[in-house]
1. Which of the residues that make up the stretch 198-216 are more than 7 Å from the ligand (Cβ to nearest atom), within 14 Å of the chain's Cα centre (by Cα) and not in a loop (DSSP other than H, G, I, E, B)?
2. Within the stretch 29-51, identify whether any single residue is surrounded by 13 or more Cβ atoms within 10 Å (Cβ to Cβ), in contact with a Phe, Trp or Tyr (Cβ under 6 Å, 6 or more places away or on another chain) and in contact (Cβ under 8 Å) with a residue 40 or more places away in the chain, and answer yes or no.
3. What is the one condition in (1) more than 12 Å from the ligand (Cβ to nearest atom); (2) buried (at least 21 other Cβ atoms within 10 Å of the Cβ) that G182 does not satisfy?
4. Restricting attention to the stretch 90-141, report how many residues are surrounded by fewer than 23 Cβ atoms within 10 Å (Cβ to Cβ), of a type in the set (S, T, N, Q) and not in a helix (DSSP H, G or I).
5. Scan the stretch 157-168 and give yes if some residue there is touching a helix residue (DSSP H, G or I) at 6+ places or on another chain (Cβ under 6 Å) and open to solvent by 30 Å² or more (accessible area, probe 1.4 Å), otherwise no.
6. Assess whether T376 counts as being buried (at least 18 other Cβ atoms within 10 Å of the Cβ) and hydroxyl-bearing (S, T, Y).
7. Within the stretch 166-197, take every residue that is in contact with an Asp or Glu (Cβ under 7 Å, 6 or more places away or on another chain) and assigned to a loop (DSSP other than H, G, I, E, B) and give me the one that is nearest to T366 (Cα to Cα).
Amino acid sequence: MSETSQQLAILGGKPVFAAPLHVGRPNIGDRKAFLRRVNEVLDRRWLTNGGQCVQKFERRLCAMLGVRHCIPICNGTVALELATRALDLQGEVIVPSFTFVATAHCLQWQGITPVFCDVNPLTHSLDPQKIEQMITPRTTGIVGVHVWGRPCAIEALTEIAQRRNLKLMFDAAHAFGCTHQGRMIGNFGKAEVFSFHATKFFNTLEGGAIATNNDELAKKIRLMKNFGFTNYDQVDYVGTNGKMNEISAAMGLTNLESLDEFIAVNRRNYEAYRRELAGIPGLALIVYDEAERNNYQYVVVEMDAAIAGLSRDDLVKVLHAENVLARRYFYPACHRMEPYRSHFPHAGLLLPETERLCTRTMCLPTGTGVGAAEITTICSIIRTALDNASAVRQRLQSA
Ligand SMILES: Cc1ncc(COP(=O)(O)O)c(C=O)c1O
């Protein structure tokens, strides 16, 4: 056993980090600008219901994405519910299981059955070659997910959707600020849904938005997000309360001003991890297409336990013991969560790549709260753990 390995917390040493380093620690832009905006909101006494901040935020989003509409919503999950409902999705809808559970829940919540389709092991998003076998007479749509901000196989999905008369939309919760073939995400499918949750690199505290170039759809979503009100005293739709409030929009306006900086920090961190983890057998960082704009908000490690000597789960335990709160993400896959696990107990048979990926991937801390020195330390913990894999395994087995 090497000298450094004795210092690993899992082997009895003290944690390297005194305070936890989280994945998804919020980025916060110019605090003074935010507080000034909050004060203005309070002075105006207009806290929600399409106030000035929300209107301005919407205009900025549209300009940035080059879309006709980008409607701010109270969170990404309600935005998904609104978009799928406004598109009149019913019956069965094809989705990946390798995603955050909200992608499936937004359908199930509305009595629509999510049908889980396997992903491509290289891209981690829906495998177009596996979609057709999941289509039945009850299928009405496909919800692709731009996992890690890397766009899905948009052209192939569009071709299938058109040929099979299905509606295609995207869960773009991870992909704010990214491009596909030079075009901003937000412009594809019938609609694309963003999450601006606190853990996303760009946040509005809680929040989300629906981007679409379809005027009719946008009109319907605007009514639905406001209880279906078409006029002061008139309701024409079943609606919900999906409105974004003014303080969230003030945070959005503020953080938009720092968006380029957030992305630059994410990229710098991602490249530092890449450099420091290069050459470790059985461990690889996912790659981004450098010809596109990426937000680099996820540093995703994929591990092959047989080669690395430690499983992903063991390495996560080592990191947690050091106060590095790496996350098994996505784990478990949606089909292994309730109610899907009970509804489709054998779904895994059709999802071999998803099943494999869920045991191999984890996210490391990044964002403006993580610096170069911390990344060096995290990577050295990983190297030390793998260099001393058998001692670590023994300790974990006896724990
Ligand atoms: C892929 C995906 N879809 C949907 C959501 C839900 O967004 P929100 O948390 O804003 O409701 C998230 C994130 O939380 C997500 O990662």
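The values are calculated or read from the model by the stated rules, or taken from the named source; none is laboratory data. Being a predicted model, the structure only gives us computed values, none of them experimental. Cβ atoms come from the backbone with ideal geometry, glycine included; neighbour counts cover every protein chain shown. Surface accessibility is based on the protein's heavy atoms, side chains included, excluding ligands, DNA and RNA. Shrake-Rupley method; radii C 1.70, N 1.55, O 1.52, S 1.80 Å.
1. Hit for the stretch 198-216 is A209, nothing else.
2. no
3. For G182, the failing item is (2).
4. Result for the stretch 90-141: 8.
5. no
6. On the way: buried (at least 18 other Cβ atoms within 10 Å of the Cβ): no; hydroxyl-bearing (S, T, Y): yes.
So T376 fails the test.
7. Per the stated criteria, the residue is H197.
Conditions (1) touching a residue at least 12 places away in the same chain (Cβ under 8 Å); (2) of a type in the set (D, E, K, R); (3) within 26 Å of Y288 (Cβ to Cβ); (4) touching a helix residue (DSSP H, G or I) at 6+ places or on another chain (Cβ under 7 Å), marked per residue:
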| residue | (1), (2), (3), (4) |
| --- | --- |
| V193 | yes, no, yes, yes |
| T199 | yes, no, yes, no |
| E206 | yes, yes, no, yes |
| K243 | yes, yes, no, no |
| A249 | yes, no, no, yes |
